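Below: the structure, in structure tokens.
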């Protein structure tokens, strides 16, 4: 398995119920497209193709090498795009890939403007979305203010991304429902409502009781940060 927690298994369970459409993905904030990737398992073992977007050029180079040298993917390796993602360039980055409009899976984990990037994204319509959230926001509906040059490493506190409640509100407005989280609660998984009749909606309050989630909310102070209430 490749994902950071148990996302690979959850995604396979979801796709066992809704099926694959065209076996395509986009992963934004992909790292090298292997370590902790939410799309690598599908790419390596289930014939998926797609696009990894990552700002770190070394990680992009490592990912390209990995897939070009794997016997499973060397004939048709996934594409990589080396770019810092903003709400203003995300659609062009994906459009330049020339992939299909509807894709099976979208994963976003950029430790920053995740909310604003997803809000602006209309170049693809994913059937399933994996979205990172920040436990520091607890049960409030917050995201960080948009900052086109935001970098988590420049901060002395882990104030980034969006809360569970903000993620749910955004995805619901786009026709998705929350169906799962990873075991720690920092990655949420949404499915288009119109194709997920067989999958129950998750009670999001269960996330707040996860041990990892509770440990993060106890150690992070939001005072002094200008946040946007959703």
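No lab work stands behind these numbers, since they all come straight from the coordinates. Since the structure is predicted, the reported quantities are computational estimates derived from the model, not experimental observations. Cβ: placed from backbone, ideal geometry, glycine included. Neighbour counts: every protein chain shown.
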**OP:** Compute from the Cα atoms of the stretch 112-203 the Rg and the Dmax, the latter being the longest Cα-Cα distance, and quote both in angstrom.
**Re:** 13.5, 43
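Pairs of Cα atoms under 8 Å, at least six residues apart: use those to get the relative contact order of the stretch 102-201, whole percent.
Relative contact order here is 29 percent.
Relative to the present Cα-Cα distance, how much length would full extension add between residue 120 and residue 145 at 0.36 nm per residue of separation?
Contour length minus the Cα-Cα distance gives 7.6 nm.
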**OP:** Would you look at the GNM of the chain, springs on alpha carbons closer than 10 Å, and say which of 79, 194, 23 moves the most?
**Re:** 194
**OP:** Please give the residues of the stretch 111-131, grouped as numeric ranges, whose backbone N is less than 17 Å from a label point set 7 Å along the Cα-to-Cβ vector of residue 193.
**Re:** 126-129
Original post:
Where both residues lie in the chain, what percent of DSSP beta bridges are antiparallel, nearest 5?
Top reply: 40 percent
Original post:
Direction-averaged shadow area of the convex hull around the Cα atoms of the stretch 7-229, nm²?
Top reply: 11.6 nm²
**OP:** Treat the count of other C-beta atoms within 10 Å as a stand-in for reagent exposure and order 132, 223, 13 from fewest to most.
**Re:** 223, 13, 132
**OP:** Quick one: angle between helix 164-173 and the longest Cα principal axis of the chain, in degrees between 0 and 90, rounded to 10, please.
**Re:** 60 degrees
Original post:
GNM on the chain, C-alpha springs below 10 Å: top fluctuator among 46, 213, 80?
Top reply: 46
Original post:
Using the alpha-carbon atoms, what tilt in degrees (0 to 90, nearest 10) does helix 7-18 show relative to the longest principal axis of the chain?
Top reply: 70 degrees
Original post:
Helix 57-68: angle to the longest alpha-carbon principal axis of the chain, degrees 0 to 90, nearest 10?
Top reply: 40 degrees
Original post:
Convex hull over the alpha-carbon atoms of the stretch 165-230: what's its volume per residue in Å³?
Top reply: 85 Å³
Subject >> Theoretical gain in end-to-end length, residue 56 to residue 158 [0.36 nm per residue, Cα-Cα removed] >> reply: 34.7 nm
Original post:
Any idea how far the Cα center of the stretch 48-112 sits from the one of the stretch 165-200, in Å?
Top reply: 23 Å
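Of 174, 72, how do they rank once you tally other Cβ atoms within 10 Å and put the fewest first? Walk me through the numbers on the way to the answer.
On the way: 174 16, 72 12.
Final ranking by Cβ density, sparse to dense: 72, 174.
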Original post:
In a GNM of the chain with a 10 Å cut-off on Cα contacts, which of 98, 41, 209 has the highest mean-square fluctuation?
Top reply: 98
Original post:
Can you give the Rg and Dmax of the stretch 65-122 based on its C-alpha atoms, in angstrom?
Top reply: 13.4, 37
**OP:** Using 0.36 nm per residue of separation minus the Cα-Cα distance, give me the extension gain between residue 222 and residue 95 in nm, one decimal.
**Re:** 42.1 nm
Original post:
Ranked highest first by average number of other Cβ atoms within 10 Å, how do 136-146, 181-191 line up?
Top reply: 181-191, 136-146
